[in-house]
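Colleague: Pasting in a structure now, in structure tokens, and then I'll have a few things to ask.
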Amino acid sequence: MNNKITAYKFYKHFSNTEGNQHIAGLFAIETILNLVERYSPQNILELGLGIGSVSYSVIEFSKKINLKMNYYGTEKNIFCLEELPKNLENKFNHIRLFSEAKDLPRDIKFDFIIIDGSDDSLKSIKNSVSERAIIYIEGYRISQVNLVKSFFPRNKYVSVISGYKNPNFGPFDKKKWSGGGQLIFVNPTFYQRAHYLYLKVLTSFKYKVLRKLNKFS
Ligand SMILES: C[S@@+](CC[C@H](N)C(=O)[O-])C[C@H]1O[C@@H](n2cnc3c(N)ncnc32)[C@H](O)[C@@H]1O
């Protein structure tokens, strides 16, 4: 499961769009695609659709791997709401769009939730996760991490980080690491626990070895 080349293509595409300063980084897109491939979620929710770099990538990638899924998302920024249909083209019809988390239908249980924006009604997702859901919080939004973890007492939580820097095109500084994110398994299975442990080791390896090796690249 290494979807970096596919993620690179999507990241490059969005690097050329208007309003690109808040798109997801290459590492975030790669991580999200890897999780989609590994867990085949049926109901995906993205809080903070922005201008669509994540949703575009996931919808396009799902076609490639023959995954049938429903994509729900929230956004209320006017600029983003105007850009989304332009950027997603025919993929826009695939998204069930809501303004905020509190507006989502109550009867849907999400298997994979991507949090990539602020949302005052975040707590309303508490009852909208499936039994074995995973939640990816982009970046280092620690207050969101703590809030989400508090909903799920049996959770396992791991930080994931990139071992490479931003590409030399796009909105982000090429001298900086291509970010990281926070992954929460709300009620992990044995398989998810093993994956969680693997990611813990991988993150430690990236901090202690890869980032030192790539420091001057
Ligand atoms: C990090 S962005 C979300 C990026 C999004 N997940 C994507 O795939 O493009 C977080 C929030 O910033 C706001 N935002 C994103 N792009 C913006 C822009 N160009 N101008 C103003 N606000 C923006 C939106 O409200 C969005 O939900």
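The values are calculated or read from the model by the stated rules, or taken from the named source; none is laboratory data. None of the values given here were measured: they were computed from a predicted structure. All Cβ positions, glycine included, derive from the backbone under ideal geometry; neighbour counts span all protein chains shown. Note: accessible area is taken over every heavy atom of the protein model, side chains too, but ligands, DNA and RNA are not part of it. Shrake-Rupley method; radii C 1.70, N 1.55, O 1.52, S 1.80 Å.
Colleague: So for the range 17-27 (the condition being surrounded by 15 or more Cβ atoms within 10 Å (Cβ to Cβ), over 19 Å from LYS165 (Cβ atoms) and touching a residue at least 40 places away in the same chain (Cβ under 8 Å)), does at least one residue qualify?
Modeller: Looking through the range 17-27, at least one residue is surrounded by 15 or more Cβ atoms within 10 Å (Cβ to Cβ), over 19 Å from LYS165 (Cβ atoms) and touching a residue at least 40 places away in the same chain (Cβ under 8 Å).
Colleague: How many residues are within 6 Å of the ligand (Cβ to nearest atom) and surrounded by fewer than 24 Cβ atoms within 10 Å (Cβ to Cβ) if we restrict to the range 38-58?
Modeller: Residues that pass the stated criteria total 1.
Colleague: Say we look at the range 147-176 and pick out the residues that are without any contact (Cβ under 8 Å) to a residue 60 or more places away in the chain and over 25 Å from ILE125 (Cβ atoms); which of these is surrounded by the most Cβ atoms within 10 Å (Cβ to Cβ)?
Modeller: Step by step, filter the range 147-176, then rank; the result is LYS165.
Colleague: Given the criteria free of Cβ contacts under 8 Å to residues at least 12 places away in the same chain, under 30 Å from TYR196 (Cα atoms) and in a helix (DSSP H, G or I), does LYS86 qualify?
Modeller: Spelling it out, it is not the case that LYS86 is free of Cβ contacts under 8 Å to residues at least 12 places away in the same chain, under 30 Å from TYR196 (Cα atoms) and in a helix (DSSP H, G or I).
Colleague: Starting from the range 55-80, take each residue that is touching a residue at least 24 places away in the same chain (Cβ under 8 Å) and within 16 Å of GLU30 (Cβ to Cβ) and list its partners that are near the ligand (Cβ under 8 Å from one of its atoms) and open to solvent by 50 Å² or more (accessible area, probe 1.4 Å), counting only C-beta distances under 8 angstrom and pairs at least six apart or across chains.
Modeller: Within 8 Å, no pair qualifies.
Colleague: Considering only residues of the range 158-217 that are among the aromatic types (Phe, Trp, Tyr) and part of a loop (DSSP other than H, G, I, E, B), which is farthest from THR31 (Cα to Cα)?
Modeller: PHE216
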